[in-house]
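Structure first, then comments.
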Amino acid sequence: MDIKDLIVDDRDRGVFRVHRSCMTSAGLFEQERERVLDRCWIYLGHESEVEAPGDYRRRTVAGRPLFFIRGKDGQVRVFLNSCPHRGAMICRRDAGNAGVLQCFYHAWSFSTDGDLIGVPGEDAYGPHFDRTEFCLKAPPRVDSYRGFHFVSFNPHVEDLVTYLAGARDYLDLVVDQAEEGMRVVPGSNRYTIKANWKLLAENSLDGYHLVPTHRTYVDYIAGFGTDDSGDTVSARPPGAAKALGGGHCVSENISRNGRPIARWHPVFGEEARERISLVRRRLVEKYGEERTYRMADTSRNLLIYPNLLIMDFVAISIRYIEPVAPDRMDVTAWHLVPREESGPALATRLDSYLTFLGPGGFATPDDVEVLESCQAGFRATEAEWSDISRGMLNPSPGTSDELQMRGFWRQWHAHMQGRNTTNVQDR
Amino acid sequence: MCRTGSLRNQVEDFLFREAALLDEWRLDEWVDLFTDDARYVVPSTDLPEGDPARDLVFIDDDIVRLRARVARLNSRHSHRESPRSRTRRFVSNVRVEETGDGELRVSANVLVYRFRSGEGAPYVGAIEYILRRDGGDLRIAYRRAVLDLEDLAWHGAVSIIL
């Protein structure tokens, strides 16, 4: 099948279909690596993961072994995790601190800014040996936005802020919730889903599945009752789904459930009520009612195209999807919290995260199951198409419509055809 | 010496009974083994020493959420376990320490095989308990399942009780 025919997008009739080979074909998966993953900015890690000089973290990003390390000058640098000499991995732990990086094969050593500083028996190489040719190599492009570090294997990629397009405003809305900046708490949730990675990008934005798939979660929360005092949301328009340009999308919900910033709910317990209202007051003073409303009373599932999600609802999760094979993805999730929170405030937030999120939560296991079930169903190759047309004729699509998923797919389809941009005003 | 032996036997009997309740999906009976102030914790695989008050873990249930977890697992809407997986638990290397205040600090190695949808794989780890005497019975006041797995590549989730 020709790549241009993989998606049927008929805006007049409200038809949007994705051919299921997009999730199963090994050939398309290889093309996707080159045309999507290797042309975009891909998330690497958060600045708070390497607080002190010498702190490093190891990652696999778009298939490459990388690590990032904070230098003695305070700057974060990213390197390919492969010795320039013969290829062995320099960094062999997931996290740690190092003053000097030494390869364990022939003991070549490197400074934290990547310079080759030691070669045992260097004289044997002769007078033309040039240490500068053997510095640790960085990915072609490295950049960060408000603490989020990205890499790109495309030397010609647009700068990160341009790339983020309308997603930037939503990232700001997350980061601005903290008074003293955000940090990632220690520990990550790492799990594998035996399904195509794009299914999780879709699922993470899909408001339509929430009630049927996550009924046990919905029932659990409903069991705590609701808080109708000081209703700040009833008069507001319902949530919205948006394509933000560049394939980035958001599903923005009015939150009737609790948010650690800053909407109390009975699930948090009575003792948290006053504390959360103080946080809200602080936000209003700093940002005014309108922006506080957006921060505290709306939640957002934000896709930074192609494979990063910021899930800002019961808590803030950074969810990175590493495509491994057409039918396998590795997922890593981290918990992002305001630096100023500690003690009971942090405890409330950590607890809130675990109720829904994570592979031990009350909802994520069901998503894992449903995506694997879809992938298994795709083996019935006579059923060729998946439908993503919900709300396509709705002029102001809601969160259980699927504009946000179409935004992702349209950008993906454009990239697969070697084109760059799509129209932000999609339906 | 004799006393330690019989104490270990008593604790092992308790742990074997607990394992059977879990393998037989008798979860309502299982959750009744816990005290009202109990905690059930599963740390993240990359931070086995993780503290739920500070770090990201997989599970940190008080008794309210633990009972809700059981209610969820009993429901047919708990999709990862509906239909239920088959599990088989092997509990060994039991060590018992009396703490002096009527509580027992217990650790055991555990191997839980889980089979479902044509696939099977083990969860391997250790469980730390604080057991409290309640008349002639023991109750679980604290239960922490620490996985040796480096990630959840085999299972995708912690969808059963570990």
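The values are calculated or read from the model by the stated rules, or taken from the named source; none is laboratory data. Bear in mind that the values here come from a model prediction, so they are computed numbers and not experimental data. Note that we place each Cβ from the backbone using ideal geometry, even for glycine, and neighbour counts take in every protein chain shown.
Here are the numbers for this structure:
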{"read-out": "Condition check for A:S251: of a type outside the set (F, W, Y), in contact (Cβ under 8 Å) with a residue 60 or more places away in the chain, over 23 Å from A:G225 (Cα atoms) and in a strand (DSSP E or B)", "value": "yes"}
{"read-out": "Candidate set from the range A:45-67 (those that are in contact with a helix residue (DSSP H, G or I) (Cβ under 8 Å, 6 or more places away or on another chain) and either at negative phi or in the same structural domain as A:W197 (by TED's automatic domain parsing) (or both)); member that is surrounded by the most Cβ atoms within 10 Å (Cβ to Cβ)", "value": "A:R57"}
{"read-out": "Hits in the range A:10-44 - residues which are surrounded by fewer than 17 Cβ atoms within 10 Å (Cβ to Cβ) and touching a Lys or Arg at 6+ places or on another chain (Cβ under 7 Å)", "value": "A:R11"}
{"read-out": "B:D55 vs. criteria over 25 Å from B:Y113 (Cβ atoms) and free of Cβ contacts under 8 Å to residues at least 60 places away in the same chain", "value": "yes"}
{"read-out": "Test for A:G246: is it away from chain B (no Cβ under 14 Å), crowded, with 23+ Cβ neighbours inside 10 Å and at pLDDT 85 or above", "value": "yes"}
{"read-out": "Matching residues in the range B:123-147 - criterion: being more than 14 Å from chain A (Cβ to nearest Cβ) and over 20 Å from B:T99 (Cα atoms)", "value": "B:V124"}
{"read-out": "When residues of the range A:323-360 are limited to those that are within 26 Å of A:L283 (Cα to Cα) and acidic (D, E), the one nearest to the other protein chains (Cβ to nearest Cβ)", "value": "A:D351"}
{"read-out": "Residue within the range A:385-398 that is on the phi > 0 side of the Ramachandran plot and not β-branched (V, I, T) present", "value": "yes"}
{"read-out": "Strands (runs of 3 or more DSSP E) wholly inside the range A:1-83 containing at least 3 residues that are among the charged types (D, E, K, R) and at pLDDT 95 or above", "value": "A:55-61"}
{"read-out": "Single residue of the range A:164-222 satisfying the filter (within 14 Å of chain B (Cβ to nearest Cβ) and touching a Lys or Arg at 6+ places or on another chain (Cβ under 6 Å)) that is farthest from B:S78 (Cα to Cα)", "value": "A:R183"}
{"read-out": "Whichever residue in the range B:63-105 is among the β-branched types (V, I, T) and more than 10 Å from every other protein chain (Cβ to nearest Cβ) and, among such residues, is nearest to the chain's Cα centre (by Cα)", "value": "B:V91"}
{"read-out": "Those residues of the range B:28-51 which are in contact (Cβ under 8 Å) with a residue 12 or more places away in the chain and under 21 Å from B:V124 (Cα atoms), in sequence order", "value": "B:W30, B:R39, B:Y40, B:V41, B:V42, B:P43, B:S44, B:T45, B:D46, B:P48"}
{"read-out": "Residues (among the charged types (D, E, K, R), in a strand (DSSP E or B), more than 25 Å from B:A53 (Cβ to Cβ) and touching a Leu at 6+ places or on another chain (Cβ under 8 Å)) located in the range A:287-336", "value": "A:R300"}
{"read-out": "Counted residues, the range A:88-142 - those being assigned to a strand (DSSP E or B) and more than 37 Å from the chain's Cα centre (by Cα)", "value": "1"}
{"read-out": "Filter result for the condition that a residue is part of a strand (DSSP E or B) and more than 18 Å from the chain's Cα centre (by Cα), over B:G125, B:G120", "value": "B:G120"}
{"read-out": "Test: residue in the range A:312-322 that is more than 10 Å from chain B (Cβ to nearest Cβ), among the aliphatic types (A, V, I, L, M) and out of contact with any helix residue (DSSP H, G or I) (no Cβ under 7 Å at 6 or more places or on another chain)", "value": "yes"}
{"read-out": "Residue within the range A:257-269 that is touching a helix residue (DSSP H, G or I) at 6+ places or on another chain (Cβ under 9 Å), at pLDDT 90 or above and buried (at least 22 other Cβ atoms within 10 Å of the Cβ) present", "value": "no"}
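Yes/no matrix, rows are residues, columns are (1) surrounded by 19 or more Cβ atoms within 10 Å (Cβ to Cβ); (2) free of Cβ contacts under 8 Å to residues at least 40 places away in the same chain; (3) out of contact with any strand residue (DSSP E or B) (no Cβ under 7 Å at 6 or more places or on another chain):
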| site | (1), (2), (3) |
| --- | --- |
| A:R328 | no, no, no |
| A:E340 | no, no, yes |
| A:P359 | yes, no, no |
| A:P365 | yes, yes, yes |
| A:E369 | yes, yes, yes |
| A:Q375 | yes, no, yes |
| A:S400 | no, no, yes |
